[in-house]
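Heads up: the structure comes next, in C-alpha cells.
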Amino acid sequence: MRTGILLIAAATCLCGCSDGTEGRKPVYAASGKVTLSGGAPISGATISFAPLDSQPVAIGKTDDAGVYKLTTYDWQDGAAAGKFNVLITKTIAAPGPAASSHDAKQAGSGAPSHDAKKGAGGGGESMLNPKYSKSDGGLQAEVKTSGTNEFNFDLDP
C-alpha cells in the first residue's frame, strides 16, 4: 500500500512538471541596426517590438555599432511572427543626488555646483526624438516565419 501511494505521488509530480515552453509562440531570429540620419550608430538604445496581433513583446538593446538582436523568451531568441509597432528609447541617467551647500563648502566652493542643481530633479534625459518612444511614432515591423527578419531604423534627430 505504501509503495502504491509513493508511486502515485511520484507520477503526479512528474505530470505537473514541464520545461516552461508550453503556451509559447514560435519565435524567429530578428535583428537590425539603429542609426541617426547620416548613418551614425546609436549605442545603448532599447528597442521594443509592441505587438499589433496576439504575439508577445520582444525587446533588444543596441551595441556600440548600433546592432541589436531581439529577445522574447530566452536571450536573443528572436520574435514571434506578426506585425509590431516599434519603440526606440535612449536615456542618459541624471547626475546623482544634489550636494548640500555644506558638502560644497567643505570641497572649497561657496555654493553647490551647477551639476548638483541639475541632478536634483532625478530621472533621465532622452537622447532621441521623443516620437520614437511612442506606439504611434511611425516605426513598424513585420516578423515573418521565413526569410531574413532584419529591421534597420534610421532615425531623425
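Every number in this text was worked out from the coordinates using simple rules, so none of it is lab data. What you are looking at is a predicted structure, and each value in this text was computed from that prediction instead of being measured. Cβ coordinates were reconstructed from backbone atoms using ideal geometry, including for glycine residues, and neighbour counts include every protein chain displayed.
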> Which far-off residues, 5 or more places away or on another chain, put their amide H under 5 Å from the one on Thr91, with H placed in the peptide plane?
Replying inline: Met127
> Which net charge results for the neighbourhood of Gly82, defined as the other residues with beta-carbon distances under 10 angstrom from its beta-carbon, given Lys and Arg at +1 and Asp and Glu at -1?
Replying inline: +1
> In nm, to one decimal, how far is the Ile59 label point from the Thr145 one, both placed 7 Å along Cα→Cβ?
Replying inline: 2.9 nm
> In nanometres, what is the gap between the two model label sites at Asp74 and Thr21, each 7 Å from Cα along Cα-to-Cβ?
Replying inline: 0.7 nm
>> If I model a spin label at Ala40 and Val67 as a point 7 Å from the Cα along the Cα→Cβ vector, what separation in nanometres do I get?
In response: 2.2 nm
> Amide H to amide H under 5 Å from Leu52: which residues, 5+ apart in sequence or cross-chain, H placed 1.01 Å off N in plane?
Replying inline: Lys83, Phe84, Asn85
> Ala80's amide H: which non-local residues (gap 5+, or another chain) put their own amide H closer than 5 Å, with H modeled 1.01 Å from N in plane and none for Pro or chain starts?
Replying inline: Tyr28
>> Through the Karplus equation 6.51 cos²θ - 1.76 cosθ + 1.60, θ set to phi - 60°, convert the phi angles of the range 126-141 into ³J(HN,Hα) values in whole Hz; use x for Gly and Pro.
In response: 6, 9, 10, 4, x, 4, 6, 9, 10, 5, 9, x, x, 9, 9, 8
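Which entries in Lys25/Lys134; Lys90/Lys144; Lys61/Lys134; Lys90/Lys134 show an alpha-carbon gap greater than 23 Å? Working shown, then result.
Numbers: Lys25/Lys134 25 Å; Lys90/Lys144 27 Å; Lys61/Lys134 17 Å; Lys90/Lys134 13 Å.
Cα-Cα > 23 Å for Lys25/Lys134; Lys90/Lys144; rest within.
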